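A.B. asks: Starting off with a structure, shown below.
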Amino acid sequence: MGQEKLLLELQELIQKEHELKRKEDSIAMLKELKEKIKVIEATQKKYAEFKGELAEMEKSSLKQEKQINYMDQQVKTEKERLYKNKGGSLKELLGLQQSVAKMEEDIKEEEAQYWETVTKVETLKSDLKKYKENLKAMKESYNEGVREYKRTKAEVELELTQLVLKQEDIKEQLQPEALKLFERIQSKYPLNPIAIMKKGSCSGCHMSIPSIQAMEVKQGKKLCLCDNCQRILISNF
Ligand SMILES: [Zn+2]
């Protein structure tokens, strides 16, 4: 294969390698994963807090239930006393009646509080369920992200290795002087040390090429450099 064609191929491989390294973008992917972990941790904390709150609420609803039962029992006893005391004085009867009425009032109040607690317990339970579902979805998304990251990294690494091997292969086929020249100009133009002569102009700097040089480039007997940008000029294949 002609030196020019090999050089052009080498340049294409270098450009591909550069593109691939950009595509790899593992930093962005890792950043995204870290953000996800942060959200998961915050949600887990909230979830634990809610769970603690729920346990407390359930405890107090049980307490309230017991209290209501106890009060019911007391009212019953008090009412029995009232019936038994029918022969008592009016003052005694009124006193007992008032006491029963007051107790019934207290029970109503306690029951209202109890229902409030029960409602809160239900709300917390449904919130917790939502949090649990959210957490599950977030964890799945995170795990998928990790798999995707690993997959991409492995694929890119493999492709990069292949590209480097191909470059080595071409370098072996190149004449040492041609390779030396390529590498020297590459230090100035890392991605395109090779320019193609198109319609009498250099594809690197777009300046027109003197006709004598254009002839030399076309003949391809030796490697020519663009007078203007110093890239290696090759003929359009
Ligand atoms: Zn040029």
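Every number here is computed from the coordinates shown, using simple stated rules; none is lab data. As the structure is a computational prediction, the values presented were derived from the model and not from experiment. Counting neighbours? That spans all protein chains shown, and the Cβs are built from the backbone with ideal geometry, glycine included.
A.B. asks: Using every pair of alpha-carbon atoms in region 53-146, split the distances into 5 Å bins beginning at 0 and state the percent of pairs per bin, rounded to integers.
C.D. replies: Over region 53-146, the share of Cα pairs per 5 Å bin runs 2, 12, 14, 12, 10, 9, 9, 7, 6, 5, 4, 3, 2, 2, 1, 1, 0 percent.
A.B. asks: For Ser26 and Lys222, what is the calculated FRET efficiency with R₀ set at 45 Å and r taken between the beta-carbons, to the nearest 0.05?
C.D. replies: So, using R0 = 45 Å, E works out to roughly 0.55.
A.B. asks: Continuing with this model, one more query. Extending each Cα 7 Å along its Cβ direction at Ala137 and Asp169, get the distance between those two points in nm, one decimal.
C.D. replies: 4.8 nm
A.B. asks: With 10 Å bins from zero, work out the P(r) of region 85-237 over every alpha carbon pair and list the percent per bin.
C.D. replies: Computed distribution, short to long bins: 9, 16, 12, 9, 8, 7, 7, 6, 6, 5, 5, 5, 3, 1.
A.B. asks: Looking only at the chain, where both bridge partners belong to it, what percent of the DSSP beta bridges are antiparallel (to the nearest 5)?
C.D. replies: In the chain, DSSP labels about 55 percent of beta bridges as antiparallel.
A.B. asks: Mind sorting Ser201, Ser26 by how few other Cβ atoms lie within 10 Å of their own Cβ, fewest first?
C.D. replies: Ser26, Ser201
A.B. asks: Something else now. Given the DSSP H assignment, sum -39500 (n - 2.57) over each helix run of at least 4 residues in the chain and divide by its residue total; what's the result at 222 nm in deg cm²/dmol, nearest 500?
C.D. replies: -28500 deg cm²/dmol
A.B. asks: Tell me the Rg and the Dmax, in Å, that the Cα atoms of region 3-174 produce.
C.D. replies: Calculated on Cα positions, Rg and Dmax stand at 37.3, 128 Å.
A.B. asks: Moving on. Given a Förster radius of 25 Å and the C-beta distance between Lys120 and Ala42 as r, what FRET efficiency does 1/(1 + (r/R0)^6) yield to the nearest 0.05?
C.D. replies: With R0 = 25 Å, the Cβ-Cβ based efficiency is 0.60.
A.B. asks: Right, here's the next one. Over region 178-235, what number does the Rg to Rh ratio reach, with both radii from the alpha-carbon atoms and Rh per Kirkwood?
C.D. replies: A ratio of 0.94.
A.B. asks: Would you tally the net charge around Glu104, using a Cβ to Cβ cut-off of less than 15 Å, leaving Glu104 out, and scoring K and R as +1, D and E as -1?
C.D. replies: My count for the surroundings of Glu104 gives -3.
A.B. asks: So, one more: At a Förster distance of 30 Å, what's the computed FRET efficiency of Ser187 paired with Lys16, Cβ-Cβ distance as r, to 0.05?
C.D. replies: 0.95
A.B. asks: Now for a different question. Points 7 angstrom from Cα along the Cβ direction at Thr77 and Thr161: gap in nanometres?
C.D. replies: 8.5 nm
A.B. asks: Further, regarding this structure: Filter Lys153/Lys180; Lys188/Lys222; Lys23/Lys150; Lys36/Lys150 down to the pairs with a C-alpha to C-alpha distance above 25 Å, please.
C.D. replies: Cα-Cα > 25 Å for Lys153/Lys180; rest within.
A.B. asks: I've got another one for you. Using the 10 angstrom Cβ neighbour count as an exposure proxy, how do Val118, Val217 rank, fewest first?
C.D. replies: Val118, Val217
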